[in-house]
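Student: Let me give you the structure first, and then I'll get to my questions.
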Amino acid sequence: MVVNPNGYAGVLVGGLHTTNSPPPVITSIVPNYFNPQAVPAAVTILGENFQANATLSGSCTKGTDTRAITFSTAANYTSTRIETTITSFGGIS
């Protein structure tokens, strides 16, 4: 429920979804630099609360240019570590 400054209230049914799972937290990515010309490239993502069968997605932005990063299916997956491969870096593969 939201109460506006004029005193009127509004309700958005289904506007909030809660979950018992804490959100994933990334603490580091190894290596921390990628050459877009050198794909495929192995990458390890470290953190906590990673869920099995999660989808990896990413992007790289420089100025107004944003490029998608495409990952392969994770080869090794735990709640604190994901080992995968970058297969495309901004359309360069």
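Student: I need the phi-derived Karplus couplings for segment 25-41: 6.51 cos²θ - 1.76 cosθ + 1.60, θ = phi - 60°, integer Hz, Gly and Pro marked x.
Tutor: Once θ is set to phi - 60°, the couplings for segment 25-41 become 10, 9, 9, 6, 10, 10, x, 8, 9, 10, 8, x, 7, 10, 10, x, 9 Hz.
Student: Please work out the average accessible area per residue across the chain, using the 1.4 Å probe convention, and give it in Å².
Tutor: Details: 7020 Å² over 93 residues.
About 76 Å² of surface per residue is accessible.
Student: Can you list the residues, at least 5 places off or on another chain, whose amide H is less than 5 Å from the amide H of residue 88, using H built in the peptide plane?
Tutor: It is 70, by chain and number.
Student: Same structure again: Which of 13, 39, 30 ends up with the largest GNM mean-square fluctuation for the chain, with Cα atoms connected below 10 Å?
Tutor: 13
Student: Still on this structure, I have one more. Of all the accessible heavy-atom surface of segment 34-75, with the other protein chains kept in place and a 1.4 Å probe, what percent is carbon and sulfur? Please list the in-between numbers first.
Tutor: Working: 1400 of 2860 Å².
Of all accessible area on segment 34-75, carbon and sulfur atoms account for 49 percent.
Student: How many nm separate the modelled label positions at residue 37 and residue 20, each set 7 Å beyond the Cα in the direction of the Cβ?
Tutor: A separation of 5.2 nm, rounded to one decimal place.
Student: Using a Gaussian network model on the chain with a 10 Å cutoff between Cα atoms, which of 61, 73, 27 fluctuates the most?
Tutor: Among 61, 73, 27, the largest GNM mean-square fluctuation belongs to 61.
Student: If you project the alpha carbons of the chain onto the principal axes, what extent comes out on each, in Å, largest first?
Tutor: Taking the Cα atoms of the chain, the three principal extents are 58, 34, 19 Å.
The values are calculated or read from the model by the stated rules, or taken from the named source; none is laboratory data. Everything numeric here is computed off the predicted structure, so don't read it as measured data. All Cβ positions, glycine included, derive from the backbone under ideal geometry; neighbour counts span all protein chains shown. All accessible areas refer to the heavy atoms of the entire protein, side chains included, with ligands and DNA or RNA removed. Shrake-Rupley method; radii C 1.70, N 1.55, O 1.52, S 1.80 Å.
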